[in-house]
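A short worksheet on the structure shown next.
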Amino acid sequence: MNTRQSSLPARSAPGHRFRSLALYSRSRGIPTALAALVCAALLTAWTASRPDAYLDPYRRVPLVALAPLLAAAATGASLHAYTRELDDTAVRRWWPRRLAHLLVLSVLASALLALAVPGHAQEFGAVAMVRNTLGAIGVTAGGAVLVGARLSWMPTTLYFSAVYLSAASPRVNNATVVSWLVQPGPQHGAWAAGLALFVTGTALCAARGARPEGPRV
Amino acid sequence: MSTRVQPGGDGPAHTPVRTGADLGPGRRSGVGPDADLDTSTSTSTGTGTGHENGTAPAAGPGRDGRRRIPRPGDGSARARRSAPHPLRAEWLRGFAPWAGAGLLLALAWPMAARADQWQGSWGATTELLSTAAAMIGVPFALAAGGWQGGRERRRRTAELRSSTARTPLVQLLAAALPLACWLTAAHLLVVAGALAACAPYASAGGPAYTVFAGNALTLAACTVLGHTAGRAIPFRLTAPLLAIGGYVVVGALGTRQSDVRHLAFCMAHVLGDNDLAVRWYPLVSALWAAGLAAAAALALTAYRRATALLPLAAALGAAVLLVSTGDGLLRDNPLAHRQVCDTSTTPDVCVNATYPGMLPEVTRALSGLTGRLEGVRNLPVRYEDLWRSPHPGEAQLPNLSPLGWSVVRGKVTDPRRYAWEAAHMLVRPDCEQAPTADRITVTDEAVLRWLAPEPGFAELREFSVTRARQEGDTKRLAWYRAEDEAYARLTSMSEGERRSWLGRYFATAAECGPKPSEVPSL
């Protein structure tokens, strides 16, 4: 991507800025990620509006774990760049763009999924959905740094599965930090854990970028 | 890119293809699951010892310094050793070992976190291992297979692979089976660890080996199924969507009440020690998954795609058998209908035959209670621990299972609390409401307090008394005072006098609405 400064008036025109944004979005598969987020929100809304899930908050536990998983996988996959070596030759710094990329998708995913969960917000509702979405995106972003963007779903999937299954233990369930993703809503320890994962993963990914996959992936 | 196609040589049939496996460890770079995923070419080309599989070994300098062109039939033992089998790279390098390690950690974590709930019970161990395989193993195997299936497309070597001599089915299996074996090995390792951790605390029954074998086969089948999906669907979210699909299917099928729930992969609905799976259930369940995987693989790669109908028919037959058999897939555990008893106490203490090793521990926990009831008449004959309501003349032993609450690793977690619960089983256990007469309720409380003093309950009572005093609740305070007086009178009796009084008291202790005149007063 040619990011050299230029004094040409066309470069600073709104049309050029929009074209750059569109090119960036297309190169990262953002439309696919957005479509996945919308699908996740629609499926969540459909499942959560069924009478049993609406009346019994504990029926929404799988939802507030699965929907963030899909949103995080879509976000993680969008971090992949086919021209990483070329990108690295750019003059402009990439970390603000990566940070903006992650933040925009995180906000969008959190908002969409939170709106998709009806019922009491504090009992496996919108609050838990936002927390889990942010935490999942954080883990996925960290995973992208370690294992590459397109494989970043793997650490999140394994981590969420393990925590979800271990939460049936009263000892683990009472530890709000360890079992943060299956806490009903406003528990401080769970929020601290989710936000810490989000901040760490996002910062790491913004600073380092996804691990280059190379031609042999 | 390590995969190089060198022009020339002996023509197209002997196009030398150098792979990462041929380069040796010193030529590889990178770490992590994405590093050195350089095996597709070696697998797809079927290179074994070089030319015999259609590829020529790399030419090297001879002893006289001139380049020696290797020819067919010229391979020495040394040369064979220097060219490892391409499957070796598939096994040891690339994504498969990392996926196996990841699954191992993901399965071991919940098993360790919930160790209190299964150590000491073969049934609970089997149930949790099956649940973990269904909820973690199956979705991950589908996703990991999907990722592996899209490998050639990501590397852009699919065309190269398709040009090689081996059949597409062999190519698919050579790429899919090592991953399947790694995931299966991870599952079996966790199973072995769990069984070893359960054995020291379990005293009856044994592991359900067929369930674990069926689960392992199912995981391998799911890997192949995911591999075919990953190869067929060119979409960057195929792998995570397969995982999500696995969760949804397990959740939608596995939690249903109908017999369709038996179609959920790896989800053997064995509940604790009550039931045992019939021997063929896990294997038929594995056939259901394996048939689908084989059908998908054949439909994708076979020259005659109609052959996929055969495994598909087998899978559907297995599915029909599973659904039609329904609850017949489980049989009663004969041990659960028996109990072992200690008849040296009053009343006798019996525990279920699935936990015979718990009898001394339970007897010890109840020793204070049974000691105070020594020689008292009109008591229940025994504490029973069967999966039914107690018969007349019996009292229910407080629950030992599910594990993790009263019992952890062969020990009663709080003996005083357990004895307090056991004492309550002697005094109007089936009554939803306390007797209407206050005197009877006061007497009941005094007897329970004397039979099984429990510090937690005593603290709660002290707190209630203090609160009633602060609120000026005279009625409540009078109640507590009457309880204290009754308790004092009971403790001040002589041994014989108290034994006689308790005998008369327990004659009506099972009735929910006794006449006040029938209950002896304190």
(message) Which numbered condition in (1) crowded, with 24+ Cβ neighbours inside 10 Å; (2) part of a helix (DSSP H, G or I) is the only one that B:THR131 fails?
(response) (1)
(request) Could you look through the range B:500-522, keep only residues that are touching a residue at least 24 places away in the same chain (Cβ under 8 Å) and among the small types (Gly, Ala, Ser), and pick out the one that is nearest to B:ALA482 (Cα to Cα)? (result) B:SER521
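Quick check on my filter: what residues within the range B:233-275 are among the charged types (D, E, K, R), part of a loop (DSSP other than H, G, I, E, B) and buried (at least 17 other Cβ atoms within 10 Å of the Cβ)?
B:ARG236, B:ASP273
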(request) Report whether or not B:VAL249 is of a type outside the set (Lys, Arg), farther than 23 Å from B:GLY404 by Cβ and within 14 Å of chain A (Cβ to nearest Cβ). (result) yes
(request) Please indicate, with yes or no, whether at least one residue in the range A:91-110 is of a type in the set (S, T, N, Q) and in contact with a Phe, Trp or Tyr (Cβ under 8 Å, 6 or more places away or on another chain). (result) yes
(message) For the condition within 14 Å of chain A (Cβ to nearest Cβ), part of a helix (DSSP H, G or I) and either among the aromatic types (Phe, Trp, Tyr) or touching a residue at least 40 places away in the same chain (Cβ under 8 Å) (or both), what is the one hit in B:GLY230, B:GLY214, B:GLY193?
(response) B:GLY230
(request) Answer yes or no as to whether B:TRP387 is among the aromatic types (Phe, Trp, Tyr), in contact (Cβ under 8 Å) with a residue 60 or more places away in the chain and part of a loop (DSSP other than H, G, I, E, B). (result) yes
(request) Output the qualifying pairs, or none if there are none: Cβ atoms under 6 angstrom, residues six or more apart or on different chains, first residue in the range A:160-175 and under 22 Å from A:LEU69 (Cα atoms) and more than 7 Å from chain B (Cβ to nearest Cβ), second residue at pLDDT 80 or above and part of a helix (DSSP H, G or I). (result) A:PHE160/A:ALA65; A:PHE160/A:LEU69; A:VAL163/A:LEU181; A:TYR164/A:ALA65; A:ALA167/A:VAL182
(message) Tell me whether the range B:423-442 contains one or more residues that are acidic (Asp, Glu), free of Cβ contacts under 8 Å to residues at least 60 places away in the same chain and either surrounded by 15 or more Cβ atoms within 10 Å (Cβ to Cβ) or more than 18 Å from B:ALA510 (Cα to Cα) (or both).
(response) no
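Kindly evaluate A:ALA114 against the criterion of being part of a helix (DSSP H, G or I) and either of a type in the set (Phe, Trp, Tyr) or under 21 Å from A:ARG211 (Cβ atoms) (or both).
Details: part of a helix (DSSP H, G or I): yes; either of a type in the set (Phe, Trp, Tyr) or under 21 Å from A:ARG211 (Cβ atoms) (or both): no.
Criteria not met by A:ALA114.
Quick one: which helices (runs of 4 or more DSSP H) lie wholly within the range B:417-522 and hold at least 2 residues that are under 23 Å from B:THR363 (Cα atoms)? Walk me through it before giving the result.
Working: elements: B:438-451, B:455-471, B:474-492, B:495-506.
Hits in the range B:417-522: B:438-451, B:455-471, B:495-506.
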(message) Looking at A:TRP191, A:TRP153, can you tell me which residue is touching a residue at least 12 places away in the same chain (Cβ under 8 Å), among the aromatic types (Phe, Trp, Tyr) and more than 9 Å from chain B (Cβ to nearest Cβ)?
(response) A:TRP191
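The values are calculated or read from the model by the stated rules, or taken from the named source; none is laboratory data. Bear in mind the structure is a predicted one, so any value in this text is a computation, not a measurement. With ideal geometry, Cβ positions are generated from the backbone for all residues, glycine too; neighbour counts draw on all protein chains shown.
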